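K.L.:
Below is one structure. I have some questions about it.
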Amino acid sequence: MLKATFGAGCFWHVEDLLSKTKGVESTRAGYTGGAMPDPTYEQVCTDTTGHAEAVEVEYDPNVVSYEDLLEIFWNNHDPTTKDRQGYDVGRQYRSAIFFHSDSQKESATKSRDDLERSGRHSSPVVTEIVQSGKFYPAEEYHQKYLKKKGY
């Protein structure tokens with residue numbers, strides 16, 4: 001199993017989408033990218049912790065590639081809006097790829113650059129590509145939230 005971590009706005013939709021992907025063994029909603037240890041949802045929502053809402057994915061690379069996961073990431077949020085997704089505004093909703101290896105960094109950078117060159121978006125892609133750090137799982141009520149709510 002390998003790990004991948006993505007920030008694409010509110011983690012509920014991203015977690016739900018990735019959890020339904022063949023080859024994804026598990027997903028966890030949580031917080032990463034900031035300095036505050038063990039942040040709560042309420043703290044992250046203040047936009048003062050530096051953390052992004054993110055989804056940590058464990059996947060089988062023999063079934064789904066990292067590049068496939070990147071495609072899902074790019075196709076399911078707006079990577080051109082800085083620190084926001086739709087009505088969700090703040091650094092905690094930033095578009096970010098938290099890489100776990102040099103090969104993930106290279107793949108993420110190449111896919112971002114390819115997307116930028118494609119002209120698919122009229123605005124520049126602002127997605128951050130940064131080294132993964134400590135991942136803090138969100139509170140239990142956030143885990144598999146949309147599935148729990150019947151969506």
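K.L.:
In Å, what Kirkwood hydrodynamic radius results for the range 37-151 from the alpha-carbon pair distances?
P.N.:
15.6
K.L.:
Are there chymotrypsin sites (Phe, Trp or Tyr not before Pro) in the range 79-148 that DSSP puts in a loop and that have at most 15 other Cβ atoms within 10 Å, and which ones?
P.N.:
On the way: sites: Tyr87, Tyr93, Phe98, Phe99, Phe135, Tyr141, Tyr145; in loops: Tyr87, Phe135.
Qualifying residues, ordered by number: Tyr87.
K.L.:
Restricting things to Cα coordinates, could you compute the convex hull volume per residue of the range 1-99 in Å³?
P.N.:
Enclosed volume per residue, from the Cα hull, is 90 Å³.
K.L.:
Please get the size of the charge dipole for the range 1-90, origin at its Cα centre, with Cβ charges of +1 on Lys and Arg and -1 on Asp and Glu, quoted in debye to the nearest 20.
P.N.:
60
K.L.:
On a 21 Å Cα-Cα criterion, which of the cross-link pairs Lys3/Lys148; Lys3/Lys105; Lys3/Lys82; Lys105/Lys134; Lys3/Lys110; Lys20/Lys144 come out too long?
P.N.:
Details: Lys3/Lys148 24 Å; Lys3/Lys105 13 Å; Lys3/Lys82 25 Å; Lys105/Lys134 17 Å; Lys3/Lys110 19 Å; Lys20/Lys144 11 Å.
Cα-Cα > 21 Å for Lys3/Lys148; Lys3/Lys82; rest within.
K.L.:
Below 8 Å between Cα atoms, with a sequence gap of 6+, how large is the relative contact order for the chain in percent?
P.N.:
33
K.L.:
Just name one of Pro124, Pro79, Leu69: the one whose Cα is farthest towards the positive end of the charge dipole of the range 61-140 (beta-carbon charges, Lys/Arg +1, Asp/Glu -1).
P.N.:
Toward the positive end, the furthest listed residue is Pro124.
K.L.:
Okay, next question. Where nothing but the Cβ of Lys and Arg (+1) and of Asp and Glu (-1) is charged, how large is the charge dipole of the chain around its Cα centre, in debye to the nearest 20?
P.N.:
240
K.L.:
Which one of Phe135, Thr27, His13 has its Cα pushed farthest toward the positive end of the charge dipole of the chain, where Lys and Arg give +1 and Asp and Glu give -1 at the Cβ?
P.N.:
Positive-end residue among those listed: His13.
K.L.:
Just the accessible area for Lys3, please: 1.4 Å probe, Å², rounded to the nearest 10?
P.N.:
80
K.L.:
Can you give the local net charge around Ser122? Use residues other than it whose beta-carbon is closer than 13 angstrom to its beta-carbon, Lys and Arg +1, Asp and Glu -1.
P.N.:
Around Ser122, the charge tally is -1.
The values are calculated or read from the model by the stated rules, or taken from the named source; none is laboratory data. Since the structure is predicted, the reported quantities are computational estimates derived from the model, not experimental observations. Because the Cβ atoms are built from the backbone with ideal geometry, glycine has one as well, and the counts that use them run over all protein chains shown. Please note that ligands, DNA and RNA were not included when accessible areas were found on the heavy atoms of the full protein model with its side chains. Shrake-Rupley method; radii C 1.70, N 1.55, O 1.52, S 1.80 Å.
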